[in-house]
1. In Å and from the alpha-carbon atoms only, list the Rg and Dmax of the range 65-215.
2. Using only alpha carbon pairs under 8 Å that are at least six residues apart, calculate the relative contact order of the range 123-166 and give it in whole percent.
3. Points 7 angstrom from Cα along the Cβ direction at residue 165 and residue 119: gap in nanometres?
4. Given bins 10 angstrom wide, list per bin the percent of all Cα-Cα distances in the range 146-215, short to long.
5. Put a dot 7 Å past each Cα toward the Cβ at residue 90 and residue 33; how far apart are the dots in nm?
6. Using alpha-carbon pairs under 8 Å, 6+ residues apart, how would you state the relative contact order of the range 145-215 in percent?
7. Stretch residue 205-residue 184 to full length: gain in nm at 0.36 nm per residue minus the Cα-Cα span?
8. At what distance in angstrom do the alpha carbon centres of the range 140-215 and the range 43-85 lie from each other?
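Each reported figure results from applying straightforward, stated rules to the coordinates on display, with no laboratory input. On a predicted model such as this, the values are computed, not experimentally measured, just so you know. As a convention, Cβ positions derive from the backbone with ideal geometry for all residues, glycine included, and neighbour counts pool all protein chains shown.
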């Protein structure tokens, strides 16, 4: 089964589940929206690749749209953009970029205080645009080119703090694994292969907003 088909199938399951829950228990319809940004720390094949175009620590930005299946369980859709610096003296103004649509689930651990820890898991597709040493008709140069989508998954830990009944701040750390060993790109009729899996560790700070009627 193609990677895109897997994610599409999971999306259909999520949408169907939301519809069933909405019909069964209208009062519990609560949505969460989160916005976050922070550090993206690379690991694996991306840190030692393509004529010394090693990835270095960069930054990321992400947004979650989630539905509460229970008071402490949400699932939804996430999009994350990651931009990793390139550690090469001749390519200092270039980056490796990752565009990541994901499905995610969170489990919150309610407490009597305003602090609420949680765990998170996600699965989706990475759409990488790597700076690559490419062959040109007249010259050799570095260029950002799009590679095949790669299946990705990960998990994380977070701590949320309520600043009001319907909003708050959070700190989150996620591990993100990208199965990129078979992806490739074509440029000027030349095939470039990545050949290795890689990962990122993302440390983010953000805001969370709750929408809905609640209990």
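1. Answer for the range 65-215, Rg first and Dmax second: 19.5, 67 Å.
2. 41
3. 3.2
4. Going out from 0 Å in 10 Å bins, the range 146-215 shows 17, 29, 23, 18, 11, 2 percent.
5. Taking the simple label geometry, residue 33 and residue 90 are separated by 4.7 nm.
6. 33
7. 4.3 nm
8. When both Cα centres are located, 1 Å separates them.
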